[in-house]
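The values are calculated or read from the model by the stated rules, or taken from the named source; none is laboratory data. Worth saying up front: this structure is predicted, and the values here are computed from it rather than measured. Glycine also receives a Cβ, built like all others from the backbone with ideal geometry; neighbour counts cover every protein chain displayed.
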Amino acid sequence: MAKKFKCNICGQTFEADSMPDKCPICMADSSNIEEVVEASAENKPAKKKGLDTNSNVYTIVYAAVMVIIVAFLLAFVSSSLKDIQEANVLRDTKNQILLSLNIEGLEGQAIDDKYAEVITSEKELNGNKYYMANVDGAVKYVFPVKGRGLWGGLWGYLSVDEDMLHTFGAYFGHESETAGLGARINERWFQQQFTGAPIFDAEGNIALTVVKAGAKSADYEIDGVTGATLTSNGVAAMVNGGLNVFGDIIKVAPCASAPEAEVEEVAAECADSLQAEVENN
Amino acid sequence: MSKLFSKESPLVSPLNLNNPVAVQVLGICSALAVTSQLEPAIVMGLSVTVITAFSNVIISLLRKTIPNRIRIIVQLVVVATLVTIVSQVLKAFAYDVSVQLSVYVGLIITNCILMGRLEAFAMQNGPWESCLDGIGNGLGYALILVIVGFVRELFGFGTLLGFEVLPSSWYVTNGMMVMPAMSLIIVGCVIWAHRAINGEEKK
């Protein structure tokens with residue numbers, strides 16, 4: 001069988017039965033001639049041993065199988081863990097409501113028990129749910145609030161004293177605020193600033209808000225988180241907007257138009273009359 | 001065993017001589033996002049270590065079957081699936097941890113260190129080496145994150161892991177440190193120091 005040879009001097013290839021003495025084209029010495037190993041003849045049998053991983057069919061089948069396996073895997077994990085996850089979420093929600101009432105440090109079953117003990121009823125106003133609570137004999141309202149932060153949604157629970165003049169506590173959660181900055185609204189030191197903060201300004205408007213850290217100039221302004229101005233603004237809008245959603249409960253018309261000195265009294269009256277109304281319902 | 005801890009082993013070299021952040025300059029984006037305090041930096045570093053190790057092993061086992069043209073997609077799918085499953089399991093059995101980690105899940109999937117190691121190492125090496133490589137690179141990444149987080153929290157908030165270290169009575173917190181740009185400057189300083197010590201030309 002003829003073999004292929006290549007001359008390194010002239011670069012030509014030629015066929016011969018065995019290594020020639022000289023290159024037939026340029027007559028160079030045989031030391032400059034190399035035998036050319038047929039790549040295809042050598043490698044083809046080796047390739048047939050395994051699958052050709054570069055063929056289109058293989059690629060498509062591989063992708064399809066991978067997607068199906070992954071889809072089944074994820075669906076299986078998701079559905080088999082769903083019940084436990086939902087129970088966790090529910091318990092976490094209860095814990096958040098309790099945190100807004102400044103009841104801390106509970107875990108597991110204790111949360112369910114305490115929740116059942118403290119929350120006396122769930123009510124609705126214009127389709128918005130809120131909760132009535134009884135903390136050590138004092139009636140509190142818990143209002144869920146929702147808003148937008150810098151990257152995603154914010155939510156929270158604001159608890160308010162029965163007379164509707166001050167907040168009793170707060171809890172805030174976030175979907176994806178920046179860790180170490182906006183995410184700090186989730187920390188208790190921030191939320192505890194809402195304990196005992198007045199809701200109304202001197203004109204009787206719902207004024208509770210969050211301002212830049214250190215820029216606090218009135219009692220109803222809460223210090224924001226340093227370096228997270230946009231998230232803090234989101235909390236401010238959420239708190240203020242959320243309280244306005246429940247404005248029918250928190251303040252009734254006379255409160256807003258009341259003269260300065262009487263604000264507290266009037267607001268208290270409003271709350272009383274409303275409380276009576278709520279109870280009658 | 002001595003080979004395992006030698007300077008060139010896949011486990012040790014990423015910690016210093018071949019650090020993914022300081023030398024390869026990978027994973028800068030997440031170094032920026034989670035280092036304003038020490039705790040998230042540690043959590044993120046450990047999560048990346050675990051995920052890099054596991055995805056490296058999986059890709060390394062699959063490496064001979066993966067079609068060349070869609071290998072990046074396959075790698076991405078493996079990483080994303082792994083992260084999603086881990087986060088689902090955590091959600092069911094360690095809810096508190098999962099709430100803490102929720103922010104990082106997206107950051108882990110898109111972390112360039114993961115893709116870089118899968119592509120550069122796991123595709124060519126066996127599962128055991130790949131596992132070591134994953135752990136080594138994850139820890140190398142965590143190391144830089146912890147350094148940056150340490151500096152930023154100390155000077156930005158005067159605290160470490162939430163505990164007050166520099167008393168607020170005389171230390172005025174440096175708001176600059178809290179800004180994201182500062183993390184890049186600190187990473188830059190770390191790279192500078194790293195090169196000054198190890199000598200840039202040795203490569």
Practice problem: Give just the number: which of (1) under 30 Å from A:LEU81 (Cβ atoms); (2) touching a residue at least 24 places away in the same chain (Cβ under 8 Å); (3) in a helix (DSSP H, G or I) does B:ILE66 not satisfy? | Solution: (3)
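Within the bounds of the stretch B:35-45, is there any residue that is more than 10 Å from chain A (Cβ to nearest Cβ) and at pLDDT 85 or above?
Yes, the stretch B:35-45 contains a residue that is more than 10 Å from chain A (Cβ to nearest Cβ) and at pLDDT 85 or above.
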Quiz item: Can you find even one residue in the stretch A:81-102 that is in a helix (DSSP H, G or I), under 21 Å from A:THR195 (Cα atoms) and either in contact with a Ser or Thr (Cβ under 6 Å, 6 or more places away or on another chain) or in the same structural domain as A:GLY173 (by TED's automatic domain parsing) (or both)?
Solution: yes
Quiz prompt | Top-ranked residue of the stretch A:160-181 - restricted to ones that are crowded, with 21+ Cβ neighbours inside 10 Å and at pLDDT below 85, ranked as farthest from B:SER36 (Cα to Cα) | solution = A:MET164
Quiz prompt | Test: residue in the stretch A:111-128 that is modelled with pLDDT of 85 or more, under 16 Å from A:GLY234 (Cα atoms) and of a type in the set (Lys, Arg) | solution = no
Quiz item: For B:THR65, all conditions in the list (1) within 14 Å of chain A (Cβ to nearest Cβ); (2) crowded, with 17+ Cβ neighbours inside 10 Å hold save one; what is the number of the exception?
Solution: (2)
Quiz item: Would you call B:ASP133 of a type in the set (Asp, Glu), at the interface with chain A (Cβ under 10 Å from one of its Cβ atoms) and assigned to a helix (DSSP H, G or I)?
Solution: no
Practice problem: Could you tell me which of the residues A:TYR130, A:TYR157, A:TYR141 is touching a Pro at 6+ places or on another chain (Cβ under 8 Å), assigned to a strand (DSSP E or B), more than 30 Å from B:VAL34 (Cα to Cα) and away from chain B (no Cβ under 12 Å)? | Solution: A:TYR130
Exercise. Might you let me know whether the stretch B:28-38 holds any residue that is surrounded by 20 or more Cβ atoms within 10 Å (Cβ to Cβ), aliphatic (A, V, I, L, M) and in a loop (DSSP other than H, G, I, E, B)?
Key: yes
Exercise. Only residues that are surrounded by 13 or more Cβ atoms within 10 Å (Cβ to Cβ) and either free of Cβ contacts under 8 Å to residues at least 60 places away in the same chain or facing chain B (nearest Cβ under 10 Å) (or both): list them for the stretch A:91-109, please.
Key: A:ARG91, A:ASP92, A:THR93, A:LYS94, A:ASN95, A:LEU98, A:ILE103, A:LEU106
Quiz prompt | Filtered residues of the stretch B:151-203 (kept if small (Gly, Ala, Ser), surrounded by 15 or more Cβ atoms within 10 Å (Cβ to Cβ) and free of Cβ contacts under 8 Å to residues at least 24 places away in the same chain) | solution = B:GLY158
Quiz item: In the list B:THR49, B:THR110, which residue meets the criterion of being more than 14 Å from chain A (Cβ to nearest Cβ) and within 30 Å of B:PHE155 (Cα to Cα)?
Solution: B:THR49
